[in-house]
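Chemist: Here it is, the structure in full.
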Amino acid sequence: MILPGATLGILGGGQLGQMFILAARRMGYPVWVLDPDPDCPAAGVADQHLCAAYDDPAALQSLADHCAAVTTEFENVPASAIHYLERRLPVRPGAAALAIAQDRAREKSFFQELGLETAPFAWLRQAEDLTMAAQHLRFPAILKTTRFGYDGKGQRHVTTASELSTAWQSLNTPEAILESRIPLQQEFSIILARAVDGMMVFYPAAENIHHQGVLDLSIIPARVPEALQTQARHGAARIATALDYVGVLAVEFFVSTEGQLLINEMAPRPHNSGHYSIDACVSSQFDQQVRALCALPLGDTRLISPVVMMNLLGDLWETGGPDWQKLLQHPQIKLHLYGKKVARPGRKMGHVNALSIEAERALSVLRILRRDWNWPR
Ligand code: ATP
Ligand code: MG
């Protein structure tokens with residue numbers, strides 16, 4: 001076990017890195033972060049910010065010299081950096097899970113190999129594959145880059161096969177997947193933590209509502225049939241076990257209008273839809289990331305209160321920034337701002353957790369705030 005007082009490292013200093021560091025420091029672990037952005041959100045809270053590329057040999061050596069273990073806040077860390085660190089100290093989750101999560105096509109194939117159902121998709125590596133895909137896949141469909149996509153970026157909606165070639169060219173990517181668009185009834189996510197000894201704990205499912213491809217709200221408890229939640233937990237557990245995963249793992253699910261459960265994607269880290277756990281669970285997903293990384297017993301994931309999480313996007317800053325007084329007048333709302341210096345439409349600047357005796361009431365509070373902010377969705 002790596003006990004408080006030991007220094008931890010993290011690759012990536014966005015908001016997820018920042019919240020990991022806050023949790024770790026609260027528990028008495030100094031944290032070093034590696035991130036090439038001098039203004040990254042984690043820079044302000046880390047004990048040491050190594051401002052360098054993720055594959056910078058000196059920076060990686062420095063992490064290895066000073067840290068007892070290293071984790072990541074995002075899956076797109078170069079494999080070479082992980083391999084370098086893995087030879088020197090525990091890296092959790094390890095290279096295998098990151099390699100799969102980096103690549104949508106590999107990830108979806110991996111799910112199917114485990115017997116988990118995904119939306120029908122085709123893997124496109126060259127222009128000729130488009131014709132094949134157009135013949136075999138049901139439209140409308142979504143063309144997605146295999147790598148570096150997030151918050152709906154790197155995606156094109158294609159209504160008919162005739163639009164495919166233009167969409168492919170505009171994505172300008174060496175590889176993509178074409179995926180049938182599923183008529184959705186609901187979306188939800190399962191976040192679990194798995195320890196070094198294989199022990200697993202699950203967070204309550206989060207019902208996720210997206211707006212223009214970006215997560216808008218997470219509602220907990222999720223209004224998703226219990227049987228589907230159980231099925232999803234089994235699926236998520238199968239993934240974690242197959243990867244011999246250590247850390248926090250998020251898995252996103254679709255429920256089709258026909259009531260069928262499909263797996264969408266996974267994130268080998270804490271997830272936006274788990275931010276509710278900071279205020280509403282005994283142990284947050286970031287506490288849990290610290291525990292798993294340090295080979296400590298896992299914490300209790302129990303929900304203390306119904307909660308709704310709402311993302312604060314850069315759109316809100318377009319007209320001078322949100323009116324904070326209108327937010328802070330609600331005693332049930334907990335504010336989390338990441339300290340990003342530049343706001344852009346769609347950029348995640350922070351989030352709020354509204355806690356109440358029922359999720360429906362928490363939703364009403366957020367609806368009032370939205371109305372006051374003139375931020376309809
Ligand atoms: P994020 O980083 O926010 O998880 P992402 O860029 O990795 O997103 P996806 O999770 O694949 O992308 O898609 C974002 C959202 O777009 C989904 O949560 C869902 O609302 C919608 N979406 C994606 N694929 C499909 C599909 N096949 N059918 C219906 N809706 C879809
Ligand atoms: Mg997603």
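Chemist: Counting just the residues of the range 262-310 that are in a strand (DSSP E or B) and more than 16 Å from ligand 2 (Cβ to nearest atom), which one comes out surrounded by the fewest Cβ atoms within 10 Å (Cβ to Cβ)? It would help to see each step written out before you state the result.
Modeler: Narrowing the range 262-310 to residues in a strand (DSSP E or B): 262-267, 281, 303, 307-310.
Still in the running and more than 16 Å from ligand 2 (Cβ to nearest atom): 281, 303, 307-308, 310.
Details: Cys281: 23, Leu303: 15, Val307: 27, Val308: 29, Met310: 27.
Result: Leu303.
Chemist: Identify all residues within the range 294-311 that are in contact with a Phe, Trp or Tyr (Cβ under 9 Å, 6 or more places away or on another chain) and within 28 Å of Lys340 (Cβ to Cβ); write none if there are none.
Modeler: Val307, Val308, Met309
Chemist: Would you mind finding the one in Ala6, Ala23 that is over 18 Å from Leu63 (Cα atoms), surrounded by fewer than 24 Cβ atoms within 10 Å (Cβ to Cβ) and among the aliphatic types (A, V, I, L, M)?
Modeler: Values: Ala6 fails: over 18 Å from Leu63 (Cα atoms).
Residue meeting the stated conditions: Ala23.
Chemist: State the number of residues belonging to the range 192-218 that are surrounded by 19 or more Cβ atoms within 10 Å (Cβ to Cβ), of a type in the set (A, V, I, L, M, F, W, C) and within 13 Å of ligand 2 (Cβ to nearest atom).
Modeler: 2
Chemist: For the range 168-191, how many residues meet the condition of being surrounded by 19 or more Cβ atoms within 10 Å (Cβ to Cβ), not polar (S, T, N, Q) and not in a loop (DSSP other than H, G, I, E, B)?
Modeler: 9
Chemist: Sticking with this structure for a sec: So which residues in the range 149-167 are in contact with a helix residue (DSSP H, G or I) (Cβ under 6 Å, 6 or more places away or on another chain) and aromatic (Phe, Trp, Tyr)?
Modeler: none
Chemist: Right, here's the next one. Let me spell it out: the conditions are (1) within 15 Å of Leu243 (Cα to Cα); (2) of a type outside the set (A, V, I, L, M, F, W, C); (3) in contact with a helix residue (DSSP H, G or I) (Cβ under 6 Å, 6 or more places away or on another chain); (4) outside any helix (DSSP H, G or I), and Glu107 meets all of them except one. Which number is the exception?
Modeler: So Glu107 meets the others, but not (4).
Chemist: Restricting to the range 27-54, and then to whatever is over 20 Å from the mean Cα position of the chain (by Cα) and of a type in the set (Val, Ile, Thr), can you tell me which residue is nearest to Gly9 (Cα to Cα)?
Modeler: Filtering the range 27-54 for residues that are over 20 Å from the mean Cα position of the chain (by Cα) and of a type in the set (Val, Ile, Thr), the one nearest to Gly9 (Cα to Cα) comes out as Val31.
Chemist: With the structure loaded, tell me whether Thr131 is polar (S, T, N, Q), within 14 Å of ligand 2 (Cβ to nearest atom) and farther than 24 Å from Gln260 by Cα or whether it fails that test.
Modeler: On the way: polar (S, T, N, Q): yes; within 14 Å of ligand 2 (Cβ to nearest atom): no; farther than 24 Å from Gln260 by Cα: yes.
No.
Chemist: Same structure again: Say whether the condition of being touching a residue at least 60 places away in the same chain (Cβ under 8 Å), crowded, with 19+ Cβ neighbours inside 10 Å, of a type in the set (D, E, K, R) and closer than 30 Å to Cys294 by Cα is met by at least one residue in the range 143-154.
Modeler: No, the range 143-154 has no match at all.
Chemist: Restrict the check to the range 224-241 and report whether at least one residue is away from ligand 1 (no atom under 16 Å from the Cβ), under 30 Å from Leu3 (Cα atoms), part of a helix (DSSP H, G or I) and in contact with a helix residue (DSSP H, G or I) (Cβ under 8 Å, 6 or more places away or on another chain).
Modeler: No, that holds for no residue.
Chemist: For Val290, indicate whether it is closer than 24 Å to Gly14 by Cα and modelled with pLDDT of 95 or more. Steps first, please.
Modeler: Numbers: closer than 24 Å to Gly14 by Cα: yes; modelled with pLDDT of 95 or more: yes.
Yes: the conditions hold for Val290.
The values are calculated or read from the model by the stated rules, or taken from the named source; none is laboratory data. Keep in mind that what you see is a predicted model, and the values were worked out from it rather than measured. With ideal geometry, Cβ positions are generated from the backbone for all residues, glycine too; neighbour counts draw on all protein chains shown.
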